[in-house]
Amino acid sequence: MTSCGDGFCTSQIKNSFACVGFGPPAEGVENGENPLFRTRSRIGGAQSPQSHNAFIDGVFAQVPMRGILYWNSHAFNLTDEDATLHARINYSFATDPRLPVVEIFDTSRIFAPDAAPFTTQTICNDHVLDQGTRLFGLASHTHKHGRHFTIYAPDGSLLYESFTYNDPVDLTFDPPLAFDSPDPAQRTLRYCSLYNNGENADGSPNPDVVTRRSRIPSSAAQTLGQCRPVACAEGKIGAPCSSVGDDRVCDTAPGENDGWCDACKLTGGESTENEMFVLNGWYYLEKP
């Protein structure tokens with residue numbers, strides 16, 4: 001486009017959640033995709049400070065030759081200090097491009113976690129693979145309350161485990177796992193995640209782990225990450241309260257002024273204090 005000289009045309013930068021509602025929508029919804037995150041294709045992304053994706057021999061990814069590119073750049077917001085994020089994505093040309101990769105990005109229950117304060121919760125979902133799938137990679141995505149992500153094969157055997165939300169396991173199968181059955185039940189992955197919203201191993205409340213209204217960034221609290229305090233995070237920790245400012249019911253004794261109504265149930269959202277539940281993976285198709 002000559003009006004940009006040697007540069008590129010871009011839109012106005014906008015503060016939004018994952019580019020939801022920004023720009024023209026893509027057509028169709030893929031298997032396991034939440035309509036909120038409708039895209040034609042994803043051409044990159046990382047969950048840890050450094051990430052390297054290498055496909056097995058013969059598998060390659062495709063980038064559209066034309067279209068609109070959405071750059072959704074954000075970092076873990078564990079501090080209220082201003083910082084600069086440097087993001088780079090490097091691509092290597094495929095030397096043996098025979099098998100186009102198919103990505104699993106199942107967001108159908110992305111915002112399902114809703115554990116009450118000072119409790120734990122396990123959430124599960126099913127993902128049906130295409131007939132002819134050759135599965136060679138699995139990964140997961142949660143936020144800081146996600147403590148144990150598991151994925152099970154159709155026969156119930158454990159395929160995948162990850163215990164770290166900000167550096168999840170990237171598991172590779174070589175040779176890949178084949179799913180050729182005409183029966184969808186024989187091509188269904190069961191994936192689950194345990195969420196801890198402030199419960200110690202002995203069942204006692206942990207105010208440092210529970211979701212707290214005061215720790216959710218104001219930008220997130222205005223969108224999907226809203227939470228209403230329903231339990232005391234200080235004073236009578238774990239006792240019920242009703243909303244922001246209802247602190248006196250949390251006091252250990254009248255006049256102590258040591259209570260704080262600040263603990264929320266888990267809510268889906270973009271901040272680290274909020275939660276997500278996503279299955280990731282990679283495969284190629286070999287039609288029966």
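The values are calculated or read from the model by the stated rules, or taken from the named source; none is laboratory data. Model, not experiment: these values are computed from the prediction. Ideal geometry is used to build each Cβ from the backbone, glycine not excepted, and the neighbour counts take in all protein chains shown.
Examine region 185-203 for a residue that is touching a Leu at 6+ places or on another chain (Cβ under 9 Å) and without any contact (Cβ under 8 Å) to a residue 60 or more places away in the chain, and state whether such a residue exists.
yes
For region 36-90: of the residues being at pLDDT below 70 and not in a loop (DSSP other than H, G, I, E, B), which is surrounded by the fewest Cβ atoms within 10 Å (Cβ to Cβ)?
Checked region 36-90; the qualifying residue surrounded by the fewest Cβ atoms within 10 Å (Cβ to Cβ) is LEU36.
Considering only residues that are in contact with an Asp or Glu (Cβ under 9 Å, 6 or more places away or on another chain), modelled with pLDDT of 95 or more and assigned to a loop (DSSP other than H, G, I, E, B), which ones fall in region 233-256?
Answer for region 233-256, where residues must be in contact with an Asp or Glu (Cβ under 9 Å, 6 or more places away or on another chain), modelled with pLDDT of 95 or more and assigned to a loop (DSSP other than H, G, I, E, B): GLY235, LYS236, CYS241, ASP247, ASP251, THR252.
Any residue that is modelled with pLDDT under 75, in contact with a strand residue (DSSP E or B) (Cβ under 6 Å, 6 or more places away or on another chain) and in a loop (DSSP other than H, G, I, E, B) - is there at least one of those in region 18-33?
yes
Counting only residues that are polar (S, T, N, Q) and under 21 Å from the mean Cα position of the chain (by Cα), which one in region 147-164 is farthest from LEU177 (Cα to Cα)?
THR164
Could you figure out which of (1) in contact with a strand residue (DSSP E or B) (Cβ under 6 Å, 6 or more places away or on another chain); (2) touching a residue at least 12 places away in the same chain (Cβ under 8 Å) isn't true of SER242?
(1)
Which residue out of ASP155, ASP202 is loosely packed, with under 14 Cβ neighbours inside 10 Å and touching a helix residue (DSSP H, G or I) at 6+ places or on another chain (Cβ under 9 Å)?
Residue meeting the stated conditions: ASP155.
This table checks each residue for (1) without any contact (Cβ under 8 Å) to a residue 40 or more places away in the chain; (2) over 30 Å from PRO240 (Cα atoms); (3) not aliphatic (A, V, I, L, M).
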site: LEU85; (1), (2), (3): yes, yes, no
site: SER92; (1), (2), (3): yes, yes, yes
site: PRO100; (1), (2), (3): no, yes, yes
site: ASN125; (1), (2), (3): no, yes, yes
site: THR142; (1), (2), (3): no, no, yes
site: ARG147; (1), (2), (3): no, no, yes
site: THR164; (1), (2), (3): yes, yes, yes
site: THR172; (1), (2), (3): no, yes, yes
site: PHE179; (1), (2), (3): no, yes, yes
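What's the number of the only condition in (1) touching a helix residue (DSSP H, G or I) at 6+ places or on another chain (Cβ under 8 Å); (2) part of a loop (DSSP other than H, G, I, E, B); (3) within 15 Å of THR211 (Cα to Cα); (4) not hydroxyl-bearing (Ser, Thr, Tyr) that LEU266 fails to meet?
All conditions pass for LEU266, except number (1).
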